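Working notes, beginning with the structure itself.
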Amino acid sequence: MTLRNVLIALSAGVMLAAGYAVLGASEGQAHGDVTPQAVDVTGLDPLGPEWRTDNPYGGNKRALEVGSSGYNQNCARCHGLQVISGGIAPDLRYLEKGKIGDEWFMTRIRGGAKKQDGTTIMPAFEGFLPQEAMWSIRTYVESLHQD
Ligand code: HEC
């Protein structure tokens, strides 16, 4: 083999590997396993490592902004734009207001949801989104609450 042929063989191998990586990624997406999008939480009071049980940002303007963008990037594709569900996931406008709603919201956003057979129907966001982002999304969702 000439050096040139070796280089061609090598780059073909690299391209093959890249192809597999792309295939692998799109296969993951087909299973609803999309990587959560980072949410910029600058301007919010940091909450520390302890998980809060009720929303520390209720009515906070910056939390509303952060939550609106965080929701659109991470939740809208299932729960619907402007929190109006198209039917594939529950309509979060009807989630209870206040502490009871807060607790259920955090249970779901942190842990996600699986079907009985173990298939993921909602990804877990714990470890991807900080609680500052989660509570901001809660603030946004609650601002659109319907009875
Ligand atoms: C891949 C689709 C998908 C994504 C993305 C998703 N969810 Fe869900 N979510 C679901 C499904 C499906 C359920 C219903 C689970 C069940 O039946 O137990 C659910 C349930 C919930 C519930 C409980 C609602 C209820 O009435 O019991 C909350 C709260 C929730 N999701 C919040 C969120 C938030 C916030 C985000 C974004 C950070 C998000 N979800 C992203 C699919 C999704």
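Numbers at a glance
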{"read-out": "Flag for TYR71 being in contact (Cβ under 8 Å) with a residue 60 or more places away in the chain and either within 15 Å of the ligand (Cβ to nearest atom) or among the aliphatic types (A, V, I, L, M) (or both)", "value": "yes"}
{"read-out": "The lone exception for GLY127 - which of (1) away from the ligand (no atom under 12 Å from the Cβ); (2) surrounded by fewer than 16 Cβ atoms within 10 Å (Cβ to Cβ); (3) over 13 Å from the mean Cα position of the chain (by Cα) it fails", "value": "(3)"}
{"read-out": "Options GLY48, GLY32; residue that is under 13 Å from the mean Cα position of the chain (by Cα) and either at pLDDT below 55 or exposed (fewer than 10 other Cβ atoms within 10 Å of the Cβ) (or both)", "value": "GLY32"}
{"read-out": "Subset of segment 137-147 (residues that are near the ligand (Cβ under 10 Å from one of its atoms) and in contact with a Lys or Arg (Cβ under 9 Å, 6 or more places away or on another chain))", "value": "VAL141"}
{"read-out": "Test: residue in segment 105-121 that is surrounded by 16 or more Cβ atoms within 10 Å (Cβ to Cβ) and more than 7 Å from the ligand (Cβ to nearest atom)", "value": "yes"}
{"read-out": "Set GLY80, GLY59: member being under 24 Å from ASP147 (Cα atoms) and either free of Cβ contacts under 8 Å to residues at least 12 places away in the same chain or in contact with a strand residue (DSSP E or B) (Cβ under 7 Å, 6 or more places away or on another chain) (or both)", "value": "GLY80"}
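The values are calculated or read from the model by the stated rules, or taken from the named source; none is laboratory data. Predicted, not measured: the structure shown is a model, and the values here were computed from it. A quick note on method: Cβ atoms are made from the backbone with ideal geometry, for glycine too, and the neighbour counts reach across all protein chains shown.
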